[in-house]
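Heads up: the structure comes next, in structure tokens.
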Amino acid sequence: MKALIIGAGIGGMSAAAALKQQGIECEIFEAVKEMKPVGAALSIWQNGVKCMRHLGMGHIMDELGGPMHNLAYQDGFTGDIMTQFSLKPLLEAVSERPCPVSRADLQSQMIDFWGRDKVQFGKRIEKVEQTDTSVTAYFTDGTSATGDMMIAADGTRSIVRAHVLGKELDRRYAGYVNWNGLVNIDTDIAPADQWTTFVGEGKRVSIMPIAGGRFYFFFDVPLPSGLKEDRTTVVSDLKGYFKGWAKPVQTLIDAIDPETTNRIEIHDITPFDTLVKGNIALLGDSAHSTTPDIGQGGCSAMEDAVVLGQCFAEIKDIHTAIKSYEEKRRFRVQDLVLKARKRCDVTHGKNMQETQAWYDELKIEEGDNIIIGLKNTIQGGPLG
Ligand code: FAD
């Protein structure tokens, strides 16, 4: 049995690892010649970390995961702590730690785990043909490949999705711009073992420790889409948007390297029911494209892969196994996308009264409610 895997992102590499565990041969095709991730880092929550261990890649998490032991929210303007607590109860409840990781390092190590020379780079799929027993991918370089099934992990702008659904889907602008990057750890910005978030005016500034003595940072600002801003104006743009904000925020802006800071207009796709067609399955962002507001897009791609593997462990018929994958994943991924959308709206001031109510809640939060929310999301994954 041979699977064509389209895309060598987190989803594609997880899917390949999961199918290999079931003795299924995989050929991986990646559009770009060199991987250039759109974001600097990712928080892999415990559901994702468990999936990585299940797929034999736990060592990557252990090596790359930053020491994130505490969580705090601070008032953006005064810097006053609104809430601050240990994440230890969460670790104890789910028996795993969260791992904020460099995205480039994660993708690179996942590809190395599989074997870099076995991934076919520069292969951009443009057309799919399928019969009951085979799938053929046609690439823009004029070549093609045929297998018994296809796992389409070709991201949020998936080409294969239109074939599976029979229609194109629009991406929805979520209403805010995210800048992200890495800086050296500086305790004048935030404690070195804490996920720290400054909030105010529907904006936020977040800092997380990753391995190698670095902070992953991101700034979110509600803005119209299509502004003429880029790397060259990043420092002055952020200085303007965060004028009057607390000293650690200014220190962070002064520390960033515009050359390595990404600016992304955040989108998602309204969840849909169909994730598969016969012997083709969508997986990762091609199947469920979410805002990053609960840090679950990559984690859920890993979950997809684990469930796909579980389906093939139980069922040998391709169509039945793939249908079973869809049934097992559909509601979980819809729930995560909508949860993230809701969180996105509250965080980014879609209705400022609701956002203010959230700020007020944070001032009386002792950690329990946030930990329950995180725990429920994590335990909703396939490995509990
Ligand atoms: P991708 O990572 O997009 O990979 C798709 C791959 O397919 C790419 O390598 C691409 O080049 C390739 N490809 C595309 N088209 C073709 C084609 N036609 N032919 C062949 N190959 C193709 N998730 C988390 O879990 N935690 C977080 O903290 C988090 N933070 C985020 C922050 C930001 C700012 C953003 C934007 C996202 C964040 N996410 C997070 C989401 C996460 O990045 C995605 O969910 C994850 O990368 C999805 O992986 P994927 O493999 O499905 O898609």
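The values are calculated or read from the model by the stated rules, or taken from the named source; none is laboratory data. Keep in mind that this is a model prediction, so the values were computed, not measured. Note that we place each Cβ from the backbone using ideal geometry, even for glycine, and neighbour counts take in every protein chain shown.
Okay, here's what the table says:
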quantity: Members of the stretch 133-142 found to be in a strand (DSSP E or B) and within 11 Å of the ligand (Cβ to nearest atom), listed by number; calculated: Ala137, Tyr138, Phe139
quantity: Count - residues of the stretch 301-330 that are without any contact (Cβ under 8 Å) to a residue 60 or more places away in the chain and β-branched (Val, Ile, Thr); calculated: 2
quantity: Unique residue being closer than 30 Å to Leu238 by Cβ, more than 14 Å from the ligand (Cβ to nearest atom) and touching a residue at least 24 places away in the same chain (Cβ under 8 Å) when the list is Val177, Val183; calculated: Val183
quantity: Single residue of Asp304, Asp273, Asp254 found to be surrounded by fewer than 16 Cβ atoms within 10 Å (Cβ to Cβ) and touching a helix residue (DSSP H, G or I) at 6+ places or on another chain (Cβ under 7 Å); calculated: Asp273
quantity: Members of the stretch 319-335 that are in contact with a helix residue (DSSP H, G or I) (Cβ under 6 Å, 6 or more places away or on another chain), hydrophobic (A, V, I, L, M, F, W, C) and more than 21 Å from Thr131 (Cβ to Cβ); calculated: Val333
quantity: Of the criteria (1) farther than 29 Å from Ile269 by Cα; (2) free of Cβ contacts under 8 Å to residues at least 60 places away in the same chain; (3) away from the ligand (no atom under 16 Å from the Cβ), which one Ala72 fails; calculated: (2)
quantity: Only listed residue being over 30 Å from Glu129 (Cα atoms) and either free of Cβ contacts under 8 Å to residues at least 40 places away in the same chain or among the charged types (D, E, K, R) (or both), chosen from Gly66, Gly58; calculated: Gly58
quantity: Any hit, the stretch 32-42, residues being within 19 Å of Phe121 (Cβ to Cβ) and either in contact with a Phe, Trp or Tyr (Cβ under 7 Å, 6 or more places away or on another chain) or at pLDDT 95 or above (or both); calculated: yes
quantity: Scope the stretch 224-275; condition over 24 Å from the mean Cα position of the chain (by Cα), closer than 17 Å to Ser206 by Cβ and part of a loop (DSSP other than H, G, I, E, B); matching residues; calculated: Phe242, Trp245, Ala246
quantity: Selection from the stretch 71-101 of residues that are β-branched (Val, Ile, Thr), part of a strand (DSSP E or B) and surrounded by fewer than 16 Cβ atoms within 10 Å (Cβ to Cβ); calculated: Ile81
quantity: Residues being in a loop (DSSP other than H, G, I, E, B) and near the ligand (Cβ under 9 Å from one of its atoms) - total across the stretch 1-44; calculated: 11
quantity: Residues (part of a helix (DSSP H, G or I), among the polar types (S, T, N, Q) and either within 16 Å of the ligand (Cβ to nearest atom) or farther than 27 Å from Leu338 by Cβ (or both)) located in the stretch 296-313; calculated: Ser300
quantity: Residue selected from the stretch 340-355 under the condition polar (S, T, N, Q) and surrounded by 13 or more Cβ atoms within 10 Å (Cβ to Cβ), by the criterion farthest from Thr290 (Cα to Cα); calculated: Thr355
quantity: Enumeration of residues in the stretch 125-136 that are surrounded by 18 or more Cβ atoms within 10 Å (Cβ to Cβ) and either within 19 Å of Asp285 (Cα to Cα) or without any contact (Cβ under 8 Å) to a residue 60 or more places away in the chain (or both); calculated: Ile125, Val128
quantity: Unique residue being polar (S, T, N, Q), over 20 Å from the mean Cα position of the chain (by Cα) and within 11 Å of the ligand (Cβ to nearest atom) when the list is Gln130, Gln120; calculated: Gln120
quantity: Residue match in the stretch 56-65 (condition: part of a helix (DSSP H, G or I) and closer than 20 Å to Phe312 by Cα); calculated: no
quantity: Sole residue being more than 23 Å from Asn178 (Cβ to Cβ) and modelled with pLDDT under 95, chosen from Lys316, Lys323, Lys328; calculated: Lys316
quantity: Hits in the stretch 222-241 (condition: surrounded by 13 or more Cβ atoms within 10 Å (Cβ to Cβ), within 21 Å of Met352 (Cβ to Cβ) and not hydrophobic (A, V, I, L, M, F, W, C)); calculated: Pro222, Tyr241
quantity: Residue match in the stretch 371-379 (condition: touching a Lys or Arg at 6+ places or on another chain (Cβ under 8 Å), part of a helix (DSSP H, G or I), at pLDDT 95 or above and not β-branched (Val, Ile, Thr)); calculated: no
quantity: Lys316, sole failed condition from (1) in a loop (DSSP other than H, G, I, E, B); (2) touching a helix residue (DSSP H, G or I) at 6+ places or on another chain (Cβ under 8 Å); calculated: (2)
